[in-house]
Amino acid sequence: MILKVYTSLLLLFLINFVWTRTVRQVYDDLDPDHWSRYTSECPQECFCPPSFPNALYCDNKGLKEIPPIPARIWYLYLQNNQIETLSEKPFVNATHLRWINLNKNKITNSGIESGVLSKLKRLLYLFLEENELEEVPAPLPVSLEQLRLARNKISKIPEGVFSHLENLTMLDLHQNNLLDSALQSDTFQGLNNLMQLNIAKNSLKKMPLSIPANTLQLFLDNNSIEVIPENYFSAIPKVTFLRLNYNKLSDDGIPPNGFNVSSILDLQLSHNQLTKIPPINAHLEHLHLDHNKIKSVNGTQICPVSIALEEDYGYYGNIPRLRYLRLDGNEIQPPIPLDIMICFRLLQAVVI
């Protein structure tokens, strides 16, 4: 018993010793000269954590202007303020910026000085959500990897604004005022590496034109889309996650094999006007069809492969991969039809 107590105490001592040395090392690495310089460079309105010398926290300070940014800063947090303008002056020395968070301010397009953003040549992440923007700001730095412009008043996308953003992987434009006319055939030209495009909560009636070919995730929830064009997804052969919840899709608006696409693994069609399950591909893993007008489900009809062939090949054949099926909020009465379970042998959850 005594040996166990001594062992536990020794373990606690070692943990405390290592932790103390680690914490002290952070401060010891900053010699007095560096410490003094960091303190003097730090804007009075902001916080410069000594353990994270490349970050500057100016969030939730009631700021109306951006203070001068020290040259060492990579990560700049300015969210939840009253900032209305972006001028070049505060960024003169900030040539190493990688990340700027300007969410929840009052920035307008007229308040952005011409060229101020494009001069931040190392910027990777730009967050401008919940501001007063009426169009996508331009020009933008070619280094950008993520651009978040959600919850603004954007109704216009300037021609060629994305044409040089080959590094951009994520573009978030959800909850703005975009109409179909704002999305031309060349709007997304140049976004060769885009993986996620979010245009949910806008005012679209049609599927957007010319989505970048490498797009993996396409979010179009809460629009007024009624029709999926024939072979629409052949132009985006890598799309994996597709969200079309809260639209106006009916059976007539979906081509016979509109969603029979091998790349799609997660398909969300909740809160539409469907009366039957559209044909799906055997590779699909998650299907959301809740809150439509579906009255019945025939497993034999919706099964993407022949049930007879399934019986012949079993788990060694191309059996459907569907694991999650949501059908609640329709007019379907339980129990779940047996042929659904026969077809989709990998199902782990059915909500009805």
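The values are calculated or read from the model by the stated rules, or taken from the named source; none is laboratory data. In this text the structure is predicted, and so the values were computed from the model without any measurement. So basically every Cβ, Gly included, is an ideal-geometry build from the backbone, and we count neighbours across all protein chains shown. Note: accessible area is taken over every heavy atom of the protein model, side chains too, but ligands, DNA and RNA are not part of it. Shrake-Rupley method; radii C 1.70, N 1.55, O 1.52, S 1.80 Å.
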Checklist entry - Does Leu287 qualify as being in a strand (DSSP E or B) and of a type outside the set (Lys, Arg)? => result yes
Checklist outcome for this item: How many residues of the stretch 195-236 are closer than 21 Å to Leu249 by Cα and either assigned to a loop (DSSP other than H, G, I, E, B) or in contact (Cβ under 8 Å) with a residue 60 or more places away in the chain (or both)? The answer is 26
Next on the checklist: Residues that are within 23 Å of Leu191 (Cβ to Cβ), surrounded by fewer than 19 Cβ atoms within 10 Å (Cβ to Cβ) and either touching a helix residue (DSSP H, G or I) at 6+ places or on another chain (Cβ under 8 Å) or β-branched (Val, Ile, Thr) (or both): does the stretch 262-270 have at least one?
Outcome noted: yes
Checklist entry - Quick check: anything in the stretch 253-264 in contact with a Lys or Arg (Cβ under 6 Å, 6 or more places away or on another chain), in a loop (DSSP other than H, G, I, E, B) and farther than 27 Å from Arg345 by Cβ? => result no
Checklist entry - How many residues are more than 14 Å from Glu84 (Cα to Cα), open to solvent by 50 Å² or more (accessible area, probe 1.4 Å) and either out of contact with any strand residue (DSSP E or B) (no Cβ under 7 Å at 6 or more places or on another chain) or assigned to a strand (DSSP E or B) (or both) when one looks only at the stretch 113-148? => result 10
Next on the checklist: Is it the case, given these coordinates, that Val305 is open to solvent by 20 Å² or more (accessible area, probe 1.4 Å) and closer than 19 Å to Leu179 by Cα?
Outcome noted: no
Checklist entry - If you go through the stretch 155-169 one residue at a time, do you hit one that is at positive phi, surrounded by fewer than 17 Cβ atoms within 10 Å (Cβ to Cβ) and either of a type in the set (Gly, Ala, Ser) or not in a loop (DSSP other than H, G, I, E, B) (or both)? => result yes
Checklist entry - From the set of residues in the stretch 197-210 that are within 17 Å of Leu149 (Cβ to Cβ) and more than 14 Å from the chain's Cα centre (by Cα), which is most open to solvent (accessible area, probe 1.4 Å)? => result Ser203
Next on the checklist: Anything in the stretch 237-250 that is part of a strand (DSSP E or B) and open to solvent by 60 Å² or more (accessible area, probe 1.4 Å)? List them, or say none.
Outcome noted: Phe241, Arg243
Checklist entry - Is one or more of the residues making up the stretch 187-194 touching a His at 6+ places or on another chain (Cβ under 7 Å), without any contact (Cβ under 8 Å) to a residue 40 or more places away in the chain, of a type outside the set (Phe, Trp, Tyr) and open to solvent by less than 60 Å² (accessible area, probe 1.4 Å)? => result yes
Checklist outcome for this item: Per the filter on the stretch 308-337, residues open to solvent by 40 Å² or more (accessible area, probe 1.4 Å), of a type outside the set (D, E, K, R), at pLDDT 90 or above and not in a loop (DSSP other than H, G, I, E, B) are Tyr324
Next on the checklist: Condition check: at pLDDT 90 or above, basic (Lys, Arg) and surrounded by 14 or more Cβ atoms within 10 Å (Cβ to Cβ). Does Arg345 satisfy that?
Outcome noted: no
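Table: residues versus (1) closer than 26 Å to Gln175 by Cα; (2) out of contact with any Gly (no Cβ under 6 Å at 6 or more places or on another chain).
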| position | (1), (2) |
| --- | --- |
| Pro53 | no, yes |
| Asp59 | yes, yes |
| Thr85 | yes, no |
| Asn93 | no, yes |
| Trp99 | yes, yes |
| Lys106 | yes, yes |
| Leu128 | yes, yes |
Checklist entry - Tally time: how many residues in the stretch 290-302 are open to solvent by 20 Å² or more (accessible area, probe 1.4 Å) and not in a loop (DSSP other than H, G, I, E, B)? => result 3
Checklist entry - Which of the following residues is at pLDDT below 95, open to solvent by 60 Å² or more (accessible area, probe 1.4 Å) and not basic (Lys, Arg): Ser110, Ser40? => result Ser40
Next on the checklist: Residues to consider are Asn54, Asn105, Asn93; find the one that is open to solvent by less than 30 Å² (accessible area, probe 1.4 Å) and among the polar types (S, T, N, Q).
Outcome noted: Asn105
